[in-house]
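Right, one structure below, let's go through it.
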Amino acid sequence: MSRDGAVLTVVLDNPTRRNAQTPSLWLALAEVAENLDPEVRVVVLKADGSSFSGGIDLGMLTPEGVAGEVSLLAPAAEGAEAMAETIAPYQRGFTAWADVDAVVVAAVQGHAIGAGFQLALAADLRVVADDVHFAMRETSLGLVPDLGGTGPLVALVGYSKALEICVTGRAVGAAEAVASGLASVAVPVDELTATTADLVAAILAAPEPAARALKPLLRSAGVAGRDEQLRNEREAQGRLLHDLVTRAQAGA
Ligand code: ACO
């Protein structure tokens, strides 16, 4: 993780295992998001190596588990409710990014499978490399996506396509990702960092109060009723216009 002014970069840094994910990673991600410095305006989620993430560490689904990690099979054996309770804090590693007013950008290259796909979906924007390979593989393991990915996937590509992507577990490549709204832009792998930096610069160039007000406003648009959303719009505008006018008057 590194900080450069108003930009926080969070890096998955286990490329030899294709950034396979574990519960401790999910808790760490939740901790970062939930304690994000309010001065941070953009968060970049990226990953070292050839793949963004190969998804959950498959060792977690074996009786031996993964050294240093809790067992997932023990609560599963205990009961459905115990398993569901175990998952809840892990979901925050994904969903907490929606609750920060910083814009979250995922830079995604290579494989983004299962939990890797869901982590990319946890961001507000995705910049992808032309070798990107999104796949929701949970179904083929007899499971469902459970790390916050279903909501954003449906919102981005629509119910039918989301169902088809999840039930087949097929690969979604760069061209389809852009065409379906999953990604903002696809670029050659060696341009991923520079293109992400350009997008970050464009976000930072927007007037800060307006940019900060936008994310909660657009996020609530998908869930709020019409009257509530209209109130959200006018209240946000009220605050912004009030600040603009009072600052102009103070400067006059
Ligand atoms: N869990 C544990 N180890 C993994 C994972 C994973 N999810 N992904 C990759 N690795 C390990 C491999 O076992 C391999 O280890 P080794 O060098 O000790 O043999 C190493 O990372 C490199 O992996 P390769 O398969 O050699 O790399 P490649 O680039 O050819 O393929 C890919 C990458 C496609 C990600 C492949 O590793 C793969 O299919 N992984 C499993 C994907 C998966 O099914 N994830 C679960 C989805 S469901 C969910 O996330 C909830």
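The values are calculated or read from the model by the stated rules, or taken from the named source; none is laboratory data. Just so you know, these numbers come straight off a predicted model, no measurement behind them. Cβ coordinates were reconstructed from backbone atoms using ideal geometry, including for glycine residues, and neighbour counts include every protein chain displayed. Ligands, DNA and RNA are stripped out before the accessible areas are found, and what is left, the full protein with its side chains, is counted by its heavy atoms. Shrake-Rupley method; radii C 1.70, N 1.55, O 1.52, S 1.80 Å.
Any idea what diffusion coefficient region 1-130 gets from Stokes-Einstein, in µm²/s, Kirkwood Rh on alpha carbon pairs, 37 °C, 0.692 mPa s?
Rounded, D is 216 µm²/s.
Report the normalised scattering of region 1-57 as log10 I(q)/I(0) at q = 0.19, 0.21, 0.24 Å⁻¹, calculated by the Debye formula with identical scatterers on the alpha carbons.
Results for region 1-57 at q = 0.19, 0.21, 0.24 Å⁻¹ read -0.69, -0.81, -0.96.
I'd like to compare 16-24, 154-162: which one has the highest average count of other Cβ atoms within 10 Å, and what's the full order after that?
Averaged packing, sorted descending, gives the order 16-24, 154-162.
As a check on your grasp of the helix formula, calculate [θ] at 222 nm for the chain: sum -39500 (n - 2.57) over DSSP H runs of n ≥ 4, divide by the residue count, round to the nearest 500.
Result for the chain, helices only: -15000 deg cm²/dmol.
Can you tell me what percent of all Cα-Cα pairs in region 64-112 are more than 13 Å apart?
The answer is 70 percent, as a whole percent.
When Lys and Arg each count +1 and Asp and Glu each count -1, what net charge do the other residues less than 10 Å away from residue 101, Cβ to Cβ, add up to?
Combined, the nearby Lys, Arg, Asp and Glu give +3.
Mind listing the Cα extents of region 156-216 along all three principal axes, in Å, largest one first?
Dimensions of region 156-216 along the principal axes of its Cα atoms: 42, 32, 14 Å.
What distance in nm lies between label points placed 7 Å from Cα along the C-beta direction at residue 248 and residue 205?
Distance between the two pseudo-spin positions: 2.4 nm.
Could you work out how much longer the chain between residue 31 and residue 229 gets when fully extended? Use 0.36 nm per residue separation minus the Cα distance between them, nm to one decimal.
68.3 nm
Average projected area of the Cα convex hull of region 31-79, in nm²?
5.7
If Lys and Arg each add +1 and Asp and Glu each add -1, what is the summed charge of the other residues whose beta carbon sits under 12 Å from the beta carbon of residue 9?
-1
If each residue of separation counts as 0.36 nm, what is the full-extension length gain between residue 141 and residue 160 once their alpha-carbon separation is subtracted?
Roughly 4.8 nm would be gained on extension.
If the viscosity is 0.692 mPa s and the temperature 37 °C, what translational diffusion coefficient in µm²/s does Stokes-Einstein give for region 100-252 when Rh comes from Kirkwood over Cα pairs?
191
Let me spell out the model: positive unit charges on the Cβ of Lys and Arg, negative unit charges on the Cβ of Asp and Glu, origin at the Cα centre of region 95-252. What dipole size does that give, in debye rounded to 20?
It comes to approximately 380 debye.
Quick check: the distance between the Cα centres of region 1-44 and region 203-217, to the nearest angstrom?
Comparing the Cα centres of region 1-44 and region 203-217, I get a distance of 21 Å.
What percentage of the solvent-accessible surface of the chain, computed with a 1.4 Å probe over protein heavy atoms, is contributed by carbon and sulfur atoms?
Summing carbon and sulfur atoms, their accessible area is 59 percent of the total for the chain.
Net charge near residue 137: determine it from the other residues with C-beta under 15 Å of the C-beta of residue 137, scoring Lys and Arg +1 and Asp and Glu -1.
Taking every other residue near residue 137 into account, the sum is -2.
Rounded, prolate or oblate: which fits region 187-252 when a ≥ b ≥ c are the square roots of the eigenvalues of the alpha-carbon gyration tensor, with rounded for a/c under 1.5 and prolate only if a/b beats b/c?
Here region 187-252 falls in the oblate category.
Could you work out how far the C-alpha centroid of region 153-177 sits from that of region 85-103, in angstrom?
22
For a protection proxy built on the mean count of beta-carbon atoms within 10 angstrom, sort 166-172, 145-151 highest first, please.
145-151, 166-172
Order these peptides, 182-189, 69-76, 122-129, 228-235, by their mean beta-carbon neighbour count within 10 angstrom, highest first.
Highest-to-lowest ranking by the protection proxy: 122-129, 182-189, 69-76, 228-235.
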